[in-house]
């Protein structure tokens, strides 16, 4: 081992690898693995037929369609407008820029129940925004989409913004010098560099929306087969002491979300590998 490696090892601020790894695995077991294992173990207490009947009932399937559909659509919208907001905050100077930058983090700091009440008040039929719209938002599936879009935007902005700040302007100037249009510069130079971060923000917004509860239950209306999200259905089964049914639905949500996030991470890794080449 070289002298430099010995000095780095001797003066390391963190403990040794084995000790650090042991504490990390212990922490993950208590915080992640044990709670998730309890969900699976409780689900295994029922037969396979009962499990299938529970997680494929018409009411549960309707909640799946609303939850995954609204979460996916909200994440896609946030990916587009999150990129736009990041671009404005990084590339332009205007009065109140710091205030706008701080407002992006508002869904992080605001309690979800307060956000739900505020959105319901704004988009109700007699609300400030709802009275101006020709269609109903509160207590409909559209209200679920609005709430999920509200809570997911900061994930995209805060993921894309640092990458955009570090992007070298010389690349854009070189593309313009070679005769590239603004659209070509964005599509061939800027967007490939932002794509991995944008995918990460999309995945975070999508995962956050899947598990959202507080900001949705007030504006959704919670009508079975219409505007009932899966998180609320799980809570309803817990209140009815149907623990096996609640954990069964939770397992389906967990496995599906994990597979979707795994797919997104694989696409992100492929994009980074291609960009490196």
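Summary table below
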item: Any hit, the range 149-163, residues being surrounded by fewer than 16 Cβ atoms within 10 Å (Cβ to Cβ) and either within 26 Å of residue 97 (Cβ to Cβ) or touching a strand residue (DSSP E or B) at 6+ places or on another chain (Cβ under 7 Å) (or both); result: yes
item: Residue that is outside any helix (DSSP H, G or I), free of Cβ contacts under 8 Å to residues at least 12 places away in the same chain and more than 30 Å from residue 191 (Cα to Cα), where the choices are 95, 134; result: 134
item: Filter pass, residue 175 being crowded, with 17+ Cβ neighbours inside 10 Å, without any contact (Cβ under 8 Å) to a residue 24 or more places away in the chain and on the phi < 0 side of the Ramachandran plot; result: yes
item: Cβ pairs under 6 Å, 6+ apart, first in the range 61-83 and more than 19 Å from residue 159 (Cβ to Cβ), second surrounded by fewer than 18 Cβ atoms within 10 Å (Cβ to Cβ); result: 62/225
item: Residue count, the range 163-172 (criterion: within 25 Å of the chain's Cα centre (by Cα) and free of Cβ contacts under 8 Å to residues at least 12 places away in the same chain); result: 1
item: Whichever residue in the range 99-131 is under 19 Å from the mean Cα position of the chain (by Cα) and not in a helix (DSSP H, G or I) and, among such residues, is farthest from residue 156 (Cα to Cα); result: 111
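Here is a yes/no grid of residues against (1) closer than 23 Å to residue 102 by Cα; (2) assigned to a loop (DSSP other than H, G, I, E, B):
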{"site": "179", "(1), (2)": "no, yes"}
{"site": "184", "(1), (2)": "no, no"}
{"site": "208", "(1), (2)": "yes, no"}
{"site": "248", "(1), (2)": "no, no"}
{"site": "252", "(1), (2)": "no, no"}
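Every read-out reported here was derived from the displayed coordinates using simple, explicitly stated rules and does not represent laboratory data. Given the structure is predicted, the values throughout are model-derived calculations rather than measurements. Neighbour counts are summed over all protein chains in view; Cβ atoms, including those assigned to glycine, are modelled from backbone coordinates with ideal geometry.
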